[in-house]
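I have placed the structure first, in the form of structure tokens, so that the comments after it can refer back to it.
The values are calculated or read from the model by the stated rules, or taken from the named source; none is laboratory data. Because the structure is predicted, anything quoted here is derived from the model rather than measured. Here the Cβ is made from the backbone with ideal geometry for all residues, glycine too, and neighbour counts use every protein chain on show. We work out accessible area using only protein heavy atoms, side chains counted, and drop any ligands, DNA or RNA first. Shrake-Rupley method; radii C 1.70, N 1.55, O 1.52, S 1.80 Å.
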Amino acid sequence: MTGALLEVKELKKFFPINGGILGKKVGEVKAVDSVTFSVKRGETLGLVGESGCGKSTTGRMLMRLIEPTSGQVIFEGNDITKLSEKEIRKARKDMQMVFQDPFASLNPRQTVEKILEEPLIVHGIGNKEERQQKVKAMLEVVGLSSYHAKRYPHQFSGGQRQRIGIARALMTNPKLIIADEPVSALDVSIQSQVLNLMKDLQKEFQLTYLFIAHDLGVVKHISDRIGVMYLGRLVELTTSDQLYDMPMHPYTQALLSSIPIPDPDVKQERILLKGDLPSPSNPPLGCAFHTRCTSCMEICKSTRPEMVELEPGHFAACHLYPSAKQ
Ligand code: SF4
């Protein structure tokens, strides 16, 4: 793993809230608020948090499927946020997405062949015969068969459909795959098959992954490093091993405590989060997690903790650690 393929700096997305009879802006939803991270070549960075924490919006901003409010997305040295519509379409050849619901993201009226051929046509790759050859080869790569090319999405199981979604993402030989909850809609038994496939493909095609999920249990085995998001901000970022062995942020600790341990001899103490996720249109002052944190102190209610490197490569934003205090 060498050098950063992707660098995200101070990325923000604020959605306006319009109200009144004149439809004027009356507030804003801070869906993503100053998120900074990088992904090395060949690495898998997991991005986790509850639904509504801004992880999917972050993923979509990297592809400019959602326009950022501000910040930088530097992919292979180019700032994606500065590219024209034409340039960004070209850049998407090297960065592709795999979506949560393969059924919704695959056109039900097109055969698998047409679906997989489309990215090649968009990017002007190959002639008809070469494209059809590539479709057949890619179906085999993702564990399907070349005869599946003539079938329609509804003729496949959920797991097979996600294999088609992955095949489509790989057609243009991308460098980065942004996988947004790619296994959340699948049965648990199928989840591990798709995760194993993604791991194998990463090695075979030297892929770099940003793997978005709400479940820390799912990202554990696939991620090299993991970032935990809460209400639009990163609250902890470290290697996968460090995060599971020594979580620093109380939110990460609570998320980890809810993953069942399949060993009856291990006593598990579950940290229950108080209350609901606050609204990103009206986030709590100070540490956004303070309304639910069992370790909350006075300073947490007024002063927002900054992300600080507590140990080499281990970052957290929490006043519990002296170096994180203002
Ligand atoms: Fe809890 Fe305070 Fe740390 Fe926030 S800063 S996570 S409220 S201890």
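Laid out as a table, the results:
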read-out	value
Residue count for region 109-125, restricted to those that are of a type outside the set (Val, Ile, Thr), open to solvent by 40 Å² or more (accessible area, probe 1.4 Å) and over 25 Å from the mean Cα position of the chain (by Cα)	4
Within region 289-299, considering residues that are open to solvent by 50 Å² or more (accessible area, probe 1.4 Å) and closer than 17 Å to MET248 by Cα, the one farthest from the ligand (Cβ to nearest atom)	THR294
Residue in region 246-255 that is farthest from the ligand (Cβ to nearest atom), counting only those that are among the hydrophobic types (A, V, I, L, M, F, W, C) and in contact with a Leu (Cβ under 9 Å, 6 or more places away or on another chain)	LEU255
Odd one out for SER302 among (1) more than 8 Å from the ligand (Cβ to nearest atom); (2) touching a helix residue (DSSP H, G or I) at 6+ places or on another chain (Cβ under 6 Å); (3) at pLDDT 95 or above	(2)
SER323 being more than 12 Å from the ligand (Cβ to nearest atom), modelled with pLDDT under 95 and within 26 Å of the chain's Cα centre (by Cα)	no
Pairs with Cβ under 6 Å, 6+ apart, first in region 309-322 and assigned by TED's automatic domain parsing to the domain that holds GLY227, second outside any loop (DSSP other than H, G, I, E, B) and within 16 Å of the ligand (Cβ to nearest atom)	none
Tally, over region 270-283, of residues that are over 24 Å from the mean Cα position of the chain (by Cα) and within 12 Å of the ligand (Cβ to nearest atom)	2
Lone unmet requirement of (1) within 11 Å of the ligand (Cβ to nearest atom); (2) of a type in the set (Gly, Ala, Ser); (3) under 23 Å from the mean Cα position of the chain (by Cα) for GLY286	(3)
Test for HIS154: is it open to solvent by 80 Å² or more (accessible area, probe 1.4 Å), touching a residue at least 12 places away in the same chain (Cβ under 8 Å) and assigned to a helix (DSSP H, G or I)	yes
Residue match in region 232-245 (condition: basic (Lys, Arg) and away from the ligand (no atom under 16 Å from the Cβ))	no
Within region 1-24, considering residues that are small (Gly, Ala, Ser) and assigned to a strand (DSSP E or B), the one modelled with the highest pLDDT	ALA4
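For (1) crowded, with 24+ Cβ neighbours inside 10 Å; (2) polar (S, T, N, Q), each residue gets a yes or a no:
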residue: LYS175; (1), (2): no, no
residue: ILE178; (1), (2): yes, no
residue: VAL183; (1), (2): yes, no
residue: ILE190; (1), (2): no, no
residue: LEU201; (1), (2): no, no
residue: GLU204; (1), (2): no, no
residue: ILE222; (1), (2): no, no
residue: GLN242; (1), (2): no, yes
